[in-house]
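**Student:** I have a structure I would like to understand better, so I am pasting it below and will then ask my questions one at a time.
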Amino acid sequence: MPELKQLHAGHAPAVLAFELANRAYFAASVTDRGDAYFTDFAKGFSALLAEQEAGICAFYVLVDEDGSVLGRFNLYDLSDGTAELGYRVAQDAAGHGVATSAVRELCRLAVERHGLHTLKAGTSRENAASRRVLIKAGFMPVGPAGPSDLGGKTGTWYRRDLTLQP
């Protein structure tokens with residue numbers, strides 16, 4: 001059973017493998033990270049861990065039983081009880097409810113671990129799967145997202161007010 005785990009230094013090789021294996025798949029719906037991301041992966045990964053340590057962001061990976069990464073689920077810009085949600089799931093895991101389940105779990109963790117009360121997420125018009133995930137996970141559309149919000153694409157902002165669930 002896949003498990004959502006907070007990112008740590010030991011995840012670096014599996015995260016890099018995940019990003020490389022799914023690069024073309026991701027580029028079909030979100031802006032490609034570019035060659036420099038992969039060339040300087042270790043430096044960028046260390047920067048993520050430093051942001052997490054500083055409490056600016058919280059990064060999670062969905063880890064399969066074999067240790068491989070099936071998805072990344074991130075909370076950005078934690079401030080005043082709010083954060084922005086971002087996520088990506090491996091092509092082989094897409095369409096099986098993995099993203100919806102992990103987003104729901106991250107909503108729970110956002111409250112319990114990070115004291116958040118509101119999450120927002122933006123998705124492009126081309127990314128129908130991401131829109132479905134957000135709606136199934138309890139997010140509601142709240143307005144348009146412009147190219148500066150979504151890496152050159154237009155789409156919609158979604159919001160979810162969080163509460164502790166039993």
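The values are calculated or read from the model by the stated rules, or taken from the named source; none is laboratory data. Computed from a predicted structure; not experimentally measured. A quick note on method: Cβ atoms are made from the backbone with ideal geometry, for glycine too, and the neighbour counts reach across all protein chains shown.
**Student:** State which residue is modelled with the highest pLDDT when the search covers only segment 5-35 and only residues that are closer than 25 Å to Arg125 by Cα and in a loop (DSSP other than H, G, I, E, B).
**Tutor:** My answer is Asn22.
**Student:** Return the residue satisfying two criteria in turn: it lies in segment 98-146 and is in contact with a helix residue (DSSP H, G or I) (Cβ under 7 Å, 6 or more places away or on another chain) and either part of a helix (DSSP H, G or I) or acidic (Asp, Glu) (or both), and of such residues it is farthest from Val30 (Cα to Cα).
**Tutor:** Lys136
**Student:** Considering Thr163, Thr156, which residue is β-branched (Val, Ile, Thr) and either surrounded by fewer than 17 Cβ atoms within 10 Å (Cβ to Cβ) or assigned to a helix (DSSP H, G or I) (or both)?
**Tutor:** On the way: Thr156 fails: either surrounded by fewer than 17 Cβ atoms within 10 Å (Cβ to Cβ) or assigned to a helix (DSSP H, G or I) (or both).
Exactly one residue qualifies, and that residue is Thr163.
**Student:** In the set Asp77, Asp92, Asp66, which member is free of Cβ contacts under 8 Å to residues at least 40 places away in the same chain, surrounded by fewer than 15 Cβ atoms within 10 Å (Cβ to Cβ), in a strand (DSSP E or B) and of a type in the set (Asp, Glu)? Walk me through it before giving the result.
**Tutor:** Numbers: Asp92 fails: in a strand (DSSP E or B); Asp66 fails: in a strand (DSSP E or B).
That would be Asp77, the only listed residue that is free of Cβ contacts under 8 Å to residues at least 40 places away in the same chain, surrounded by fewer than 15 Cβ atoms within 10 Å (Cβ to Cβ), in a strand (DSSP E or B) and of a type in the set (Asp, Glu).
**Student:** Taking the options Ala129, Ala99, name whichever one is surrounded by fewer than 19 Cβ atoms within 10 Å (Cβ to Cβ) and under 24 Å from Asp32 (Cα atoms).
**Tutor:** On the way: Ala99 fails: surrounded by fewer than 19 Cβ atoms within 10 Å (Cβ to Cβ).
Just a single option satisfies the conditions, and that option is Ala129.
**Student:** A further question on this structure: Any residue at all in segment 38-58 that is in a strand (DSSP E or B), touching a strand residue (DSSP E or B) at 6+ places or on another chain (Cβ under 7 Å) and at pLDDT 95 or above?
**Tutor:** Applying the first criterion (in a strand (DSSP E or B)) to segment 38-58 yields 58.
Okay, now just the ones that are also touching a strand residue (DSSP E or B) at 6+ places or on another chain (Cβ under 7 Å), so 58.
Okay, now just the ones that are also at pLDDT 95 or above, so 58.
Within segment 38-58, one or more residues are in a strand (DSSP E or B), touching a strand residue (DSSP E or B) at 6+ places or on another chain (Cβ under 7 Å) and at pLDDT 95 or above.
**Student:** OK, next. Give the residue, chosen from Phe45, Phe73, that is within 9 Å of the chain's Cα centre (by Cα) and closer than 17 Å to His11 by Cα.
**Tutor:** Numbers: Phe45 fails: within 9 Å of the chain's Cα centre (by Cα).
Only one candidate qualifies: Phe73.
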